[in-house]
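Engineer: Quick one: structure below, then a few questions.
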Amino acid sequence: MNIAIASGKGGTGKTTVSTTLAYLFSLKHPTVLLDCDVEEPDSNLFLKIPVTHTYNVEVLIPQVDMDACTGCGKCERTCQYNAIVVIKGKPLVLPELCHSCGGCYLVCPERAIKEVPRIVGTVESGHKNNLYYAGGILNIGEHIATPIIDEVKKEHLNAKVRIIDAPPGSSCPVIHSLEGNDLVLLVVEPTPFGFHDAVLVYDVAKSLSIPCGIIVNNMVEKYVPLFSFIEKENIPLLATIPHDINVAKACAEGTCIDFMISTYSKQFEAIQCFIEDIVKQ
Amino acid sequence: MKSTIQQLSIVSGKGGTGKTSIAASFAKLSSKRILVDCDVDASNLHIVMHPEILEEIPFVGQKKAIISQDRCRGCGDCVIYCRFNAIKDFYVVDPLLCEGCAVCAMMCPYEAVDMVDHLSGTIAVARADSQPFLFAKMGIAESNSGKLVDEIRQRAMKIAQAEGYNLIIIDGPPGIGCPVIASITGTTHVLIVTEPTISGMHDLERIIEVTQHFKIPTSVCINKCDISESNTQAIHSLCNAYGVEVIGKIPLDTDFVKAQIAGKTIIEFSNGKASKAIQSLWTKIENKLI
């Protein structure tokens, strides 16, 4: 069972929900938390699992043999990402823009291009009892997060429960995080911003044919358009967690898993029951 | 010639720290500005700015491959060469996974692959409070947000030059990857909005490293500063160590949410503690930009 926790808008409580759920599931089955918010990975700040393995994520980029290159410019014309520019007959590679498609390598008539690995980030992992953690970290200054997300998702493929903490937004990093999951849980703030962005991710999940459930979090007021939408689309509403200054304080201290379990146990039981029912089917 | 057009970009690393509320407030407080929503994956500014849309421009971010079923002879070379696993049996391109590299088109022995312009979204050129406001609408499950950010910023710059605006306020996305880099490169000043939580602090350090990597003058504002005195103090120390100024502090205030639900900026909605803190923050930011 692969469950992605997403939201569109940032700061709605994805990490709080995914780490708390992962902890609770781990009391019953071996459970994996995969942190796919590789631009800003935060889940292990709360899980506090000792990291025992780290490896680099590499992508392939072109390296040009200047002696063999005739400066014909075919590589530049083939590259759709402007990652190779030929200046005065000499190709210059801009590694951050490269998507590692291999086009330049294939097109070069002189076989002057070879592909060499380049490190763009790392994946770290470890476990405590039945709770396994793997998280990706994008290096500073890098543009493209998806190769790291894809690597993180290869961790612990056979575990019974895998919970994916997805990044905010609705474009490529989110699509890569959501793809292949059995369920998407949307953590939604009942505000105009929270609602607007949750609909974007709901549409992404729909286009990937993944069913959704909703957790309303940090509710100051009942924002009617959100609840009308949930009803109209017939999305299961699993839990509602009120606005609570003590949640913010627990997040400040890094103790929000303990706090959520002790204060909002009913909500988390409901979420767990919903997921276990799906697993049984 | 040095450009006299100032560009202020508001980013955060961690999401949900208050970037958009602050950007919208700044737009209300500044007398003459262009406002640009560069959080194109999850744009929200239009919700409180009530724009009057003048023009919607289609954005073709890339081409995508389409395999002609008439010309395809089923050799499967495209599957072998595609690095993005975008070609499914037998033989159809999944547009969600296609990154438009055109390697399949290049390698197909039967020229059965067409690269077709792909509409990734639209750019809305609008007016809010009689001043230019640009935002984008990405299509569902689209990629290329960095390119869209580049495009929308270029359009804003052209309007600034043509209509004599000296200030562009950019509401940026969360994170540190491609749309963030596209939202901060070449700007005059970056304002990072953080919060005193352990994740806020962790993400703050990463985004400061990004702005320093690209050598952009940066200052920090701490939102919800009263949820943890000790962490707020720790953010001061962290910023000190990086040589970055903490330029403002905003207390936790449910007026943010109430204003949003009323469809207003917090500046219009109330004159409470957060509203006042943003007004004094704006005065300091304006001085940075002169």
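The values are calculated or read from the model by the stated rules, or taken from the named source; none is laboratory data. None of these values were measured; they are calculated from a predicted model. Every residue, glycine as well, gets a Cβ built from its backbone with ideal geometry; the counts of neighbours run over all protein chains shown.
Engineer: Return yes or no: is residue A:227 of a type in the set (Phe, Trp, Tyr) and touching a Lys or Arg at 6+ places or on another chain (Cβ under 6 Å)?
Structural biologist: Numbers: of a type in the set (Phe, Trp, Tyr): yes; touching a Lys or Arg at 6+ places or on another chain (Cβ under 6 Å): no.
When the stated conditions are applied, residue A:227 does not pass them.
Engineer: Residue under question is residue A:125, and the condition is that it be among the polar types (S, T, N, Q), in contact with a His (Cβ under 7 Å, 6 or more places away or on another chain) and either at the interface with chain B (Cβ under 9 Å from one of its Cβ atoms) or more than 22 Å from residue B:180 (Cα to Cα) (or both); does it hold? Walk me through it before giving the result.
Structural biologist: Working: among the polar types (S, T, N, Q): yes; in contact with a His (Cβ under 7 Å, 6 or more places away or on another chain): yes; either at the interface with chain B (Cβ under 9 Å from one of its Cβ atoms) or more than 22 Å from residue B:180 (Cα to Cα) (or both): yes.
It is true that residue A:125 is among the polar types (S, T, N, Q), in contact with a His (Cβ under 7 Å, 6 or more places away or on another chain) and either at the interface with chain B (Cβ under 9 Å from one of its Cβ atoms) or more than 22 Å from residue B:180 (Cα to Cα) (or both).
Engineer: Just the residues that are of a type in the set (Gly, Ala, Ser) and surrounded by 17 or more Cβ atoms within 10 Å (Cβ to Cβ), please, taken from the stretch A:72-110. I'd like the intermediate steps shown before the answer.
Structural biologist: So in the stretch A:72-110, the residues of a type in the set (Gly, Ala, Ser) come out as A:73, A:83, A:89, A:100, A:102-103.
Listed by number, the residues that qualify are A:83, A:100, A:102, A:103.
Engineer: Of the residues A:21, A:47, A:34, which is more than 14 Å from chain B (Cβ to nearest Cβ), closer than 19 Å to residue B:202 by Cα, within 17 Å of the chain's Cα centre (by Cα) and at pLDDT 95 or above?
Structural biologist: Numbers: A:21 fails: closer than 19 Å to residue B:202 by Cα; A:47 fails: more than 14 Å from chain B (Cβ to nearest Cβ).
None of the other options fit; the residue is A:34.
Engineer: If you go through the stretch B:158-174 one residue at a time, do you hit one that is farther than 20 Å from residue A:177 by Cβ, surrounded by fewer than 19 Cβ atoms within 10 Å (Cβ to Cβ) and touching a Lys or Arg at 6+ places or on another chain (Cβ under 8 Å)? Full working, then the answer.
Structural biologist: At the first step, the residues of the stretch B:158-174 found to be farther than 20 Å from residue A:177 by Cβ are B:158-172.
Next cut, surrounded by fewer than 19 Cβ atoms within 10 Å (Cβ to Cβ) only: B:158-159, B:161-166.
With touching a Lys or Arg at 6+ places or on another chain (Cβ under 8 Å) added as a condition, the list becomes B:165-166.
Yes, the conditions are met somewhere in the stretch B:158-174.
Engineer: From (1) of a type in the set (Lys, Arg); (2) surrounded by fewer than 23 Cβ atoms within 10 Å (Cβ to Cβ); (3) more than 30 Å from residue B:194 (Cβ to Cβ), pick out the condition that doesn't hold for residue A:249.
Structural biologist: (3)
Engineer: Filter the stretch B:77-110 down to the residues that are more than 11 Å from every other protein chain (Cβ to nearest Cβ) and in contact with a strand residue (DSSP E or B) (Cβ under 7 Å, 6 or more places away or on another chain) and list them by number.
Structural biologist: Of everything in the stretch B:77-110, those that are more than 11 Å from every other protein chain (Cβ to nearest Cβ) and in contact with a strand residue (DSSP E or B) (Cβ under 7 Å, 6 or more places away or on another chain) turn out to be B:78, B:79, B:87, B:91, B:92, B:93.
Engineer: Can you tell me which residues in the stretch B:145-171 are in contact with a helix residue (DSSP H, G or I) (Cβ under 8 Å, 6 or more places away or on another chain) and assigned to a loop (DSSP other than H, G, I, E, B)?
Structural biologist: B:165, B:166
Engineer: Given the structure, is residue B:116 more than 17 Å from the chain's Cα centre (by Cα), over 30 Å from residue B:288 (Cβ atoms) and part of a helix (DSSP H, G or I)? Working first, answer last.
Structural biologist: Numbers: more than 17 Å from the chain's Cα centre (by Cα): yes; over 30 Å from residue B:288 (Cβ atoms): yes; part of a helix (DSSP H, G or I): no.
It is false that residue B:116 is more than 17 Å from the chain's Cα centre (by Cα), over 30 Å from residue B:288 (Cβ atoms) and part of a helix (DSSP H, G or I).
Engineer: Taking residue B:245, is it more than 12 Å from chain A (Cβ to nearest Cβ), closer than 21 Å to residue B:287 by Cβ and charged (D, E, K, R)?
Structural biologist: Details: more than 12 Å from chain A (Cβ to nearest Cβ): yes; closer than 21 Å to residue B:287 by Cβ: yes; charged (D, E, K, R): yes.
Here the answer is yes, as residue B:245 does meet what is asked.
Engineer: Same structure again: Residues to consider are A:191, A:146; find the one that is farther than 15 Å from residue A:34 by Cα, touching a helix residue (DSSP H, G or I) at 6+ places or on another chain (Cβ under 8 Å), of a type outside the set (A, V, I, L, M, F, W, C) and within 13 Å of another protein chain (Cβ to nearest Cβ).
Structural biologist: Numbers: A:146 fails: farther than 15 Å from residue A:34 by Cα.
Within the list A:191, A:146, the selection yields A:191.
Engineer: Here is a follow-up. Can you find a residue that is of a type in the set (Asp, Glu), at pLDDT 95 or above and outside any helix (DSSP H, G or I) anywhere in the stretch A:144-152? Even if it seems obvious, please write down each step before you answer.
Structural biologist: First pass over the stretch A:144-152, keeping only residues of a type in the set (Asp, Glu): A:150-151.
Right, trim to at pLDDT 95 or above and you get A:150-151.
Next, from what is left, pick out any that are outside any helix (DSSP H, G or I): none.
Within the stretch A:144-152, not a single residue is of a type in the set (Asp, Glu), at pLDDT 95 or above and outside any helix (DSSP H, G or I).
Engineer: Among the numbered conditions (1) over 28 Å from the mean Cα position of the chain (by Cα); (2) assigned by TED's automatic domain parsing to the domain that holds residue B:222, tell me where residue B:81 comes up short.
Structural biologist: (2)
Engineer: If I ask for residues that are in contact with a Leu (Cβ under 9 Å, 6 or more places away or on another chain), more than 9 Å from every other protein chain (Cβ to nearest Cβ) and not hydrophobic (A, V, I, L, M, F, W, C), which ones from the stretch B:178-231 would you list?
Structural biologist: B:187, B:188, B:189, B:194, B:205, B:218, B:219, B:223, B:226
Engineer: Separate question: Within 16 Å of residue A:23 (Cβ to Cβ) and outside the structural domain of residue A:102 (by TED's automatic domain parsing): is that true of residue A:126 in this structure? Spell out the reasoning first.
Structural biologist: Working: within 16 Å of residue A:23 (Cβ to Cβ): yes; outside the structural domain of residue A:102 (by TED's automatic domain parsing): yes.
Spelling it out, residue A:126 is indeed within 16 Å of residue A:23 (Cβ to Cβ) and outside the structural domain of residue A:102 (by TED's automatic domain parsing).
Engineer: With respect to the numbered conditions (1) among the aliphatic types (A, V, I, L, M); (2) more than 10 Å from chain B (Cβ to nearest Cβ); (3) over 21 Å from the mean Cα position of the chain (by Cα), which one is the sole condition not fulfilled by residue A:60?
Structural biologist: With respect to (1) among the aliphatic types (A, V, I, L, M); (2) more than 10 Å from chain B (Cβ to nearest Cβ); (3) over 21 Å from the mean Cα position of the chain (by Cα), residue A:60 is out only on (2).
Engineer: Additional query: Of all strands (runs of 3 or more DSSP E) completely enclosed by the stretch A:174-258, which ones contain at least 3 residues that are at positive phi?
Structural biologist: Details: elements: A:183-188, A:212-219, A:237-242.
In the stretch A:174-258, there are no strands (runs of 3 or more DSSP E) which contain 3 or more residues that are at positive phi.
Engineer: What residue, of A:277, A:244, A:203, is charged (D, E, K, R), more than 14 Å from chain B (Cβ to nearest Cβ) and out of contact with any Phe, Trp or Tyr (no Cβ under 6 Å at 6 or more places or on another chain)?
Structural biologist: Numbers: A:244 fails: more than 14 Å from chain B (Cβ to nearest Cβ); A:203 fails: more than 14 Å from chain B (Cβ to nearest Cβ).
Criteria check complete, one pass: A:277.
Residue-by-condition table, conditions (1) at negative phi; (2) over 22 Å from the mean Cα position of the chain (by Cα); (3) among the charged types (D, E, K, R):
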site	(1), (2), (3)
B:194	yes, no, no
B:212	yes, no, no
B:220	yes, no, no
B:231	yes, yes, no
B:245	yes, yes, yes
B:254	yes, yes, no
B:274	yes, yes, no
B:280	yes, yes, no
B:284	yes, yes, yes
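Engineer: Could you tell me whether residue A:123 is touching a strand residue (DSSP E or B) at 6+ places or on another chain (Cβ under 7 Å), farther than 21 Å from residue B:85 by Cα and buried (at least 18 other Cβ atoms within 10 Å of the Cβ)? Outline the logic, then answer.
Structural biologist: Values: touching a strand residue (DSSP E or B) at 6+ places or on another chain (Cβ under 7 Å): yes; farther than 21 Å from residue B:85 by Cα: yes; buried (at least 18 other Cβ atoms within 10 Å of the Cβ): yes.
Criteria met by residue A:123.
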